[in-house]
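Notes follow the structure.
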């Protein structure tokens, strides 16, 4: 068994906000992470840590996704780094079925190549491993396997089923069986296959982490006698739908598991990154030993104090595209809509918030305020501030020069807010644990509270059938350009 340093504690999540399907790799004494970025551009944000608790953004590996970017895997081989990526067809992509690609780089900092099509269709969730034979393989949802060429940039042969999973009791309440998310590592004489079953959304008790092992990458695979090693057993727990895990060696050679989960009562925030300690039995099985991952836990050895949530004011000359803001559902070249000129200038697109690609901000705060100064530069533009889940579900407000347009449930409301006709106006939204209140003001005047408030606890994946999160967003639709100034975000205690 392994002892964990009690000197410092941390509280989950270790990376707040919607960061599903974390893929983590150890590089020397550092750890690098990315996660499913779905319909975001830039995609695949890269985070670095030295202690598994505090993570720093270092860039994005995918400037323009080719589709909905699902769960990836990061691998290092012969000094080169690879990210294996499943893209899912969307309204804006050219793909017709799920397809697995790869990008590669000389280091985790890049530069990353353009995506290379591996020709794998109808599969998601790639997991890379080097077998005892020295050959490279990808395991995918199913669980199926295909051999890679030595350079990792093409495949040899066809997908073949290699593992049937572990079956939970029929009376367990889950979304679906859904054997997915294979992550593989080698420890001693064993290869370990970490997978997820139970469905990633649906009931809180669905998703779970299972483990199998084999002395050969070719199997046969023996299921862990203690499966599942992690699961939400009761909806009263702090974290729901726990799954899609990576197990790896951490500081001081202790072992840890990173997974994702929904926070009880805050599905709106999406699936957040969870950390918990792993011990090993005398017969070499991993065990998740934390009784409750929702309370403070002993941190990895020499971990720094956990960073607190912080607000920001976006500086026009240092707009953090990728780190803070991403375009949702981007067309090719979406970033060309954005320029800096006495603020952030965004070219309008589409015929309403549902038809444009808003700039969205991932947040993990229960309560926060966001405000921005909006100036219409085009005669037929509309722009504003939203809480945005996807093109079917959002709320907020915008101006078009003649009136204020209010949105709720993804639709314009019948309420005509008596805001003055103006081409420049500051807008503010406060989300206080799902209760949303808005304000607006003309330059130099006092804030006026919008007459209508919204309750957004239902703005989540189970409502819409889309694995997104509710995010602050700015949008510009119609024709012309819009200037955003003084964009501020502030967590509320």
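A few remarks follow.
- Test: residue in region 424-432 that is assigned to a loop (DSSP other than H, G, I, E, B) and either touching a strand residue (DSSP E or B) at 6+ places or on another chain (Cβ under 8 Å) or assigned by TED's automatic domain parsing to the domain that holds residue 354 (or both): no
- Residue 385 surrounded by 18 or more Cβ atoms within 10 Å (Cβ to Cβ), touching a residue at least 60 places away in the same chain (Cβ under 8 Å) and not in a strand (DSSP E or B): no
- Per-region count, region 146-160, residues at negative phi and either part of a loop (DSSP other than H, G, I, E, B) or in contact (Cβ under 8 Å) with a residue 60 or more places away in the chain (or both): 5
- Residue check, residue 163 buried (at least 20 other Cβ atoms within 10 Å of the Cβ) and either in a loop (DSSP other than H, G, I, E, B) or not assigned by TED's automatic domain parsing to the domain that holds residue 255 (or both): yes
- Any hit, region 75-82, residues being under 18 Å from residue 364 (Cβ atoms) and part of a strand (DSSP E or B): no
- Test result for residue 467, assigned to a loop (DSSP other than H, G, I, E, B), touching a residue at least 40 places away in the same chain (Cβ under 8 Å) and surrounded by 15 or more Cβ atoms within 10 Å (Cβ to Cβ): yes
- Criterion (surrounded by fewer than 16 Cβ atoms within 10 Å (Cβ to Cβ), closer than 23 Å to residue 391 by Cβ and touching a residue at least 40 places away in the same chain (Cβ under 8 Å)) met by exactly one of 355, 311: 355
- Any hit, region 107-120, residues being part of a strand (DSSP E or B) and in contact (Cβ under 8 Å) with a residue 40 or more places away in the chain: no
The values are calculated or read from the model by the stated rules, or taken from the named source; none is laboratory data. Fair warning: this is a prediction, and the values are worked out from it, not measured in the lab. Here the Cβ is made from the backbone with ideal geometry for all residues, glycine too, and neighbour counts use every protein chain on show.
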